[in-house]
Ligand code: DGL
């Protein structure tokens, strides 16, 4: 099967490129279009209605660009808007949600930590997932300010270190053995996080699972691209392209567009 239409991905900003990376590693033949709605970041502080409206706008942009599937590379948009997106548009959607389940099932201390945005932690979908694990203590922490610092390219700043310490140290004191990164921006903070938490605490995110699920759904719908041609990877941003370029290692095509 050769379906050359691109996979579309969107996020409130540059964080979802952590998901794009997993998708591209698993399916290097696939063409992709990534949309960074950085102008409207962070989504985590917006109302559900605002998140739905922005998610619709992003989806329409990707559909106008002929995408065959949409990966909502944002936990906040997934947990607040994926139901509405699936009802409104006739294309498969893949969402990303905090990996509570694998952490809860593997935890030996029966205590796990989750770092995510306010929008994700307050969502109905997240509460439903948490209620599936009544025997596990789940320490929730909003990552106030982290997305803004990442969007500004300030990942290695002293301010970032201070914020991370203030969020993570209380979880360590409560004896977590898993830390779930519930925001697609946060995998970029793993080196900084590892300097703060002890090495026995495992960090998990959902990127690889999302890529595998995308591949599965493409396969089921006969949408995979088995062509051997070099694939194209295009990134759109409605903000300063430099930070996005840097996070992509200056190897990809980044286009500014005022959407
Ligand atoms: N990257 C996003 C997420 O996975 C959204 C962060 C935000 O814009 O607040 O939740």
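Scanning the stretch 104-120 for residues being in contact (Cβ under 8 Å) with a residue 40 or more places away in the chain and either buried (at least 24 other Cβ atoms within 10 Å of the Cβ) or on the phi > 0 side of the Ramachandran plot (or both) gives a total of 8. Applying the criterion of being part of a loop (DSSP other than H, G, I, E, B) and surrounded by fewer than 22 Cβ atoms within 10 Å (Cβ to Cβ) to the residues of the stretch 46-70, the residue that is nearest to the chain's Cα centre (by Cα) is 46. Exactly one residue among 164, 168, 181 is under 21 Å from the mean Cα position of the chain (by Cα) and within 15 Å of the ligand (Cβ to nearest atom), and that residue is 181. Can you find a residue in the stretch 28-45 that is part of a loop (DSSP other than H, G, I, E, B), within 12 Å of the ligand (Cβ to nearest atom), modelled with pLDDT of 95 or more and within 11 Å of the chain's Cα centre (by Cα)? The answer is no, given that none of the residues of the stretch 28-45 is part of a loop (DSSP other than H, G, I, E, B), within 12 Å of the ligand (Cβ to nearest atom), modelled with pLDDT of 95 or more and within 11 Å of the chain's Cα centre (by Cα). Please specify each residue of the stretch 70-93 satisfying the condition of being under 13 Å from residue 19 (Cβ atoms) and in contact with a strand residue (DSSP E or B) (Cβ under 7 Å, 6 or more places away or on another chain). 70, 71, 72, 73, 74, 75, 78 - these are the residues of the stretch 70-93 that are under 13 Å from residue 19 (Cβ atoms) and in contact with a strand residue (DSSP E or B) (Cβ under 7 Å, 6 or more places away or on another chain).
How many residues are surrounded by fewer than 20 Cβ atoms within 10 Å (Cβ to Cβ), out of contact with any helix residue (DSSP H, G or I) (no Cβ under 9 Å at 6 or more places or on another chain) and under 19 Å from residue 10 (Cα atoms) if we restrict to the stretch 217-240? Number of matching residues: 3. For the stretch 89-98, the count of residues that are assigned to a helix (DSSP H, G or I), at negative phi and within 14 Å of the ligand (Cβ to nearest atom) is zero.
Restricting attention to the stretch 142-160, the residues that are in contact with a helix residue (DSSP H, G or I) (Cβ under 7 Å, 6 or more places away or on another chain), farther than 20 Å from residue 205 by Cα and assigned to a helix (DSSP H, G or I) add up to 1.
I'd like to know if the stretch 178-188 contains one or more residues that are outside any loop (DSSP other than H, G, I, E, B) and free of Cβ contacts under 8 Å to residues at least 60 places away in the same chain. So far as the stretch 178-188 goes, no, none of its residues is outside any loop (DSSP other than H, G, I, E, B) and free of Cβ contacts under 8 Å to residues at least 60 places away in the same chain.
The values are calculated or read from the model by the stated rules, or taken from the named source; none is laboratory data. The shown structure was predicted, so the numbers you read here are calculated from the model rather than taken from an experiment. When we count neighbours, we look across all protein chains shown, and the Cβ atoms used for this are built from the backbone with ideal geometry, even at glycine.
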